[in-house]
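Below you'll find the structure, written out as structure tokens, and then a few comments.
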Amino acid sequence: MRRSLIADASVTFLFHGIIVVSLYLLFVGHNQPGGGFVGGLVAGSALALKFVVGGAASVRSAVRVPPWVILGAGLVVASVTALVPVLLGHAVLDHAAFEWKLPLLGKVKATTALPFDIGVYLVVVGLSLTALEAFGDDAESQEAEA
């Protein structure tokens, strides 16, 4: 299969920027539109672009952790975040808010919804990687047979 130099250069240029946007959406999601699901979808789209241009090997080189590990870690983080309030006598997924005044950043707010969003982000990215891995293995096996 012949690769396009323009597509390679474009994806190389855009990939890291898209990942930064996905992380931005992850971290502002509890106060503004976004969150773990939307951020994970944006990161998954960046990985899909990498897959379209370079195949499964390109995605594997960008993310060296196996997809099922990312997916499992996200499930554990989201589940623990949901159940810790129950152990403390509160409702499931109950959250608290914290506020700090930092020297360079000013007033910074954080809620316990952030770890849950991080878990959801990891689940969505893990599912995206699993799907790309499945497509890549099928295409590579057909290419090897031919």
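Only the coordinates and a few stated rules stand behind these numbers; no lab work does. What you see is a predicted model; the values in this text were computed from it and never measured. Cβ sites come from the backbone with ideal geometry, for glycine too, and all protein chains shown count toward neighbours.
Computed quantities for the displayed model
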{"read-out": "Residue order, fewest to most surrounding Cβ atoms within 10 angstrom, among Glu133, Glu99", "value": "Glu99, Glu133"}
{"read-out": "Spin-label pair Leu83/Leu102, simplified geometry with 7 Å Cα→Cβ offset, distance in nm", "value": "3.1 nm"}
{"read-out": "Net length gained if the chain between Asp8 and Ala110 were fully extended (0.36 nm per residue, minus Cα distance)", "value": "32.9 nm"}
{"read-out": "Helix-only CD estimate at 222 nm, as mean residue ellipticity for the chain, using -39500 (n - 2.57) per DSSP H run (n ≥ 4)", "value": "-25500 deg cm²/dmol"}
{"read-out": "Likely footprinting exposure, Leu88, Leu132, fewest C-beta neighbours within 10 Å first", "value": "Leu88, Leu132"}
{"read-out": "Size of charge dipole - segment 5-145 - debye, nearest 20, with Cβ of Lys, Arg +1 and Asp, Glu -1, no other charges", "value": "760 debye"}
{"read-out": "Residues Leu23 and Asp94, FRET efficiency given R0 of 22 Å [Cβ-Cβ distance, rounded to 0.05]", "value": "0.30"}
{"read-out": "Listed candidates [x] 24, 17, 13; [y] 23, 21, 13; [z] 35, 20, 9 - label of the one calculated as semi-axes √(5λ) of the Cα gyration tensor in Å", "value": "[z]"}
{"read-out": "Helix 5-28 axis, angle to the chain major axis (alpha carbon atoms, nearest 10°)", "value": "10 degrees"}
